[in-house]
Amino acid sequence: MPKTLRLVLGDQLNQQHSWFSKIDNSVTYLMMEMRQETDYVSHHIQKVVGFFLAMRDFAKSLQAKGHQILYFTLDTPQNRQTLKEQIEYLIQNQGFDHFEYQLPDEYRLDQLLKEICASLPISSSKVDSEHFLTSREFLKDFFKRKKTYLMETFYREMRRTYDILMDGKEPLTGQWNYDHDNRQALKDKKLLKKPLLHLRQVNEMTEMIEKAGVKTIGKIDPELFSWPVSREESLEILDHFCEHLLANFGAYQDALTTWDPYLFHSRLSFSLNTKMISPLEVVQKVEKYWYAHQNQISIAQVEGFIRQIIGWREYMRGIYWAKMPEFADMNFFGHDRKLPDWFWTGKTKMNCLKESIGQSLDLAYAHHIQRLMVTGNFALLAGIHPDEVDLWYLGIYIDAIEWVEITNTRGMSQFADGGIVGTKPYVSSANYIKKQGNYCDHCAYDSAKKTGHGSCPFNSLYWHFYARNREKLEKNPRIGMMYRTWDKMSNQQEVLDQAEYYLNSLENL
Ligand code: FAD
Ligand code: SF4
């Protein structure tokens with residue numbers, strides 16, 4: 001009987017994939033924890049632990065169903081630590097006749113697998129990962145004759161195609177988007193709910209990683225690892241979200257507060273990005289829950305959540321495949337500064353950054369507005385090189401995989417793509433951060449001051465950013481007004497001098 005070797009990558013933990021619909025004794029599945037993947041960037045320790053635990057659980061559940069699995073832990077002596085060497089070794093020594101893989105989500109691995117297949121002495125083939133709502137090429141084809149890729153147009157197409165919150169061809173409530181209703185600061189602590197944490201001991205795993213000498217960042221409490229690492233746990237997170245968080249998701253999705261790291265966010269990104277659950281089942285479940293609880297949950301909450309998944313998430317994937325590999329080198333503003341060291345320690349006097357970075361180091365998690373309007377905003381205003389910013393985001397978050405990290409970081413957050421993902425840079429002064437929550441209440445800097453001792457760095461850096469990039473931004477119709485305001489300001493030189501002072505002392509802020 002001809003023997004087939006099938007590769008399952010660490011972010012391909014999709015139990016519902018058609019590969020697994022029947023037991024086939026001629027097929028062996030290969031899964032491996034490897035230095036190739038732990039070392040291409042310094043990952044957060046919780047990310048490495050989370051991936052390995054989820055992979056092990058996945059392998060165990062396949063085995064229990066009767067599939068043949070070859071699983072190499074990081075410390076297995078026969079582990080060659082790279083895909084190429086492991087696959088070649090197995091083909092040589094175990095007599096496989098055919099090799100198959102699922103389309104990877106990263107350009108790096110896509111190239112690598114093509115190269116490996118081209119050099120194998122046996123035949124090979126690839127199949128879809130059966131996770132996303134669209135193919136890799138869909139977005140590029142959809143906007144074929146258009147100059148820009150508008151997320152909203154794409155999102156509406158997804159709503160229609162998958163019949164989500166629709167009444168025939170029209171949106172259910174006559175309105176597509178409730179973004180304007182979803183920008184509140186959280187004023188009442190009592191609204192907060194307890195997160196569902198899947199606490200477990202991971203001492204053995206952390207010891208193995210440490211012993212192997214893998215360089216990681218961030219913190220872990222080996223007694224209290226809290227991320228979901230199985231399909232069952234991921235589904236529990238989804239249920240918990242529907243029952244306790246959905247009712248306030250949209251309203252407070254942009255809130256910034258020291259009270260709680262998760263607020264009403266779902267914590268589903270790790271489960272989604274490893275494919276333990278699928279985007280379609282998430283949105284269908286949320287939609288169904290809302291239909292049954294319409295008297296308690298407003299449409300704005302549900303639409304806001306669904307847009308993140310079938311809109312932004314799917315759109316980012318389309319952008320990635322439409323624009324890679326060039327995307328990874330884009331630097332529209334020509335920024336070249338180094339990321340301050342305190343991004344790796346959280347030791348800064350700026351409270352919003354101290355909180356957002358500290359939380360990221362502690363939990364491998366920050367919610368969207370912390371990533372976009374605190375850390376990302378600062379990096380853009382300070383002119384940090386997008387490569388530096390990318391490496392930080394790619395390492396620190398449990399959900400960081402390049403296809404969704406780089407499009408959000410280089411694209412949405414740093415505008416290094418010159419406006420492929422977003423129509424204007426997401427920058428703000430202290431005004432926005434103060435309006436969205438309580439960070440400024442406990443800060444060494446004064447959010448109301450633009451210049452002088454103790455003035456908030458965001459304020460002068462904000463105007464410095466616009467002034468230094470005037471040529472590149474002035475013609476953008478969404479920005480023109482900023483320049484009219486700037487031109488009327490009487491203390492321009494003072495503001496620019498203040499910003500220069502801060503730019504020259506980034507490490508000390
Ligand atoms: P929720 O707020 O509950 O949202 C629900 C789901 O919607 C998320 O789980 C996610 O799958 C999806 N989603 C929401 N916003 C986006 C978005 N902009 N792009 C893609 N999917 C989205 N997300 C990642 O999954 N991996 C990353 O590496 C990543 N890097 C980011 C870097 C920057 C600079 C920014 C601004 C955003 C980044 N995001 C990334 C998007 C977003 O911040 C996270 O998906 C979200 O914070 C995860 O937490 P959650 O599951 O509680 O999300
Ligand atoms: Fe951040 Fe400025 Fe507010 Fe301090 S005052 S928390 S630095 S925005």
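The values are calculated or read from the model by the stated rules, or taken from the named source; none is laboratory data. The structure presented is a predicted model; accordingly, all values stated were derived computationally and were not measured. Note: ideal-geometry Cβ built from the backbone for every residue, glycine included; neighbour counts use all protein chains shown.
This table checks each residue for (1) surrounded by fewer than 24 Cβ atoms within 10 Å (Cβ to Cβ); (2) within 22 Å of the chain's Cα centre (by Cα); (3) among the acidic types (Asp, Glu).
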position	(1), (2), (3)
Asn377	no, yes, no
Glu388	yes, yes, yes
Tyr439	yes, no, no
Gly452	yes, no, no
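Of all residues in the range 478-493, how many are loosely packed, with under 14 Cβ neighbours inside 10 Å and over 29 Å from the mean Cα position of the chain (by Cα)? Spell out the reasoning first.
First, pick out the residues of the range 478-493 that are loosely packed, with under 14 Cβ neighbours inside 10 Å: 478, 480-481, 484-485, 487-493.
Filter again for over 29 Å from the mean Cα position of the chain (by Cα), leaving 480-481, 484-485, 487-493.
So the answer is 11.
Do we have any residue at all in the range 93-100 that's outside the structural domain of Thr407 (by TED's automatic domain parsing), closer than 28 Å to Tyr40 by Cα, at pLDDT 95 or above and not basic (Lys, Arg)?
yes
Residues of the range 429-459 being assigned to a helix (DSSP H, G or I) and near ligand 2 (Cβ under 9 Å from one of its atoms), which ones? Break it down stepwise before answering.
Within the range 429-459, the subset assigned to a helix (DSSP H, G or I) is 430-435, 439-442, 457-459.
Listed by number, the residues that qualify are Ala430, Asn431, Tyr432, Ile433, Lys434, Tyr439, Cys440, Asp441, His442, Pro457, Phe458, Asn459.
When the residues of the range 357-389 are filtered to those that are without any contact (Cβ under 8 Å) to a residue 40 or more places away in the chain and touching a Ser or Thr at 6+ places or on another chain (Cβ under 8 Å), which remaining residue is nearest to ligand 1 (Cβ to nearest atom)?
Residue satisfying both the conditions and the ranking: Thr375.
How about the range 460-489: which of its residues are polar (S, T, N, Q) and either in a helix (DSSP H, G or I) or modelled with pLDDT of 95 or more (or both)?
Looking only at the range 460-489, we keep the residues that are polar (S, T, N, Q), and these are 460, 469, 476, 485.
Within the range 460-489, Ser460, Asn469, Thr485 meet the criteria.
Of the conditions (1) without any contact (Cβ under 8 Å) to a residue 60 or more places away in the chain; (2) over 28 Å from Gly95 (Cβ atoms), Ala64 satisfies every one except a single condition; which number is it?
Single failed check for Ala64: (2).
Out of the residues in the range 411-420 that are within 9 Å of ligand 1 (Cβ to nearest atom) and surrounded by 24 or more Cβ atoms within 10 Å (Cβ to Cβ), state the one that is nearest to His385 (Cα to Cα).
Top of the filtered list is Gln414.
Of everything in the range 336-372, what is within 16 Å of ligand 2 (Cβ to nearest atom), part of a helix (DSSP H, G or I) and within 30 Å of Glu152 (Cβ to Cβ)? Give them in sequence order.
In the first step, residues of the range 336-372 are kept if they are within 16 Å of ligand 2 (Cβ to nearest atom); the result is 340, 342-343, 346-360, 366, 369-372.
Narrowing the set further to residues that are part of a helix (DSSP H, G or I) leaves 342-343, 351-360, 369-372.
Listed by number, the residues that qualify are Cys352, Ser356, Ser360, Ile369, Gln370, Arg371, Leu372.
Among all residue pairs at least 6 apart or on different chains, which show Cβ distances below 7 Å where the first residue, located in the range 421-433, is over 15 Å from Arg478 (Cα atoms) and the second is modelled with pLDDT of 95 or more and part of a loop (DSSP other than H, G, I, E, B)?
Listed by first residue and then by second, the contacts come to Ala430/Ser447; Ala430/Cys456.
Any residue at all in the range 406-428 that is assigned to a loop (DSSP other than H, G, I, E, B), within 30 Å of Val214 (Cα to Cα) and touching a strand residue (DSSP E or B) at 6+ places or on another chain (Cβ under 7 Å)?
We begin by selecting, within the range 406-428, every residue assigned to a loop (DSSP other than H, G, I, E, B); these are 414-428.
From what's left, within 30 Å of Val214 (Cα to Cα): 414.
Right, trim to touching a strand residue (DSSP E or B) at 6+ places or on another chain (Cβ under 7 Å) and you get none.
Scanning the range 406-428, I find no residue that is assigned to a loop (DSSP other than H, G, I, E, B), within 30 Å of Val214 (Cα to Cα) and touching a strand residue (DSSP E or B) at 6+ places or on another chain (Cβ under 7 Å), so the answer is no.
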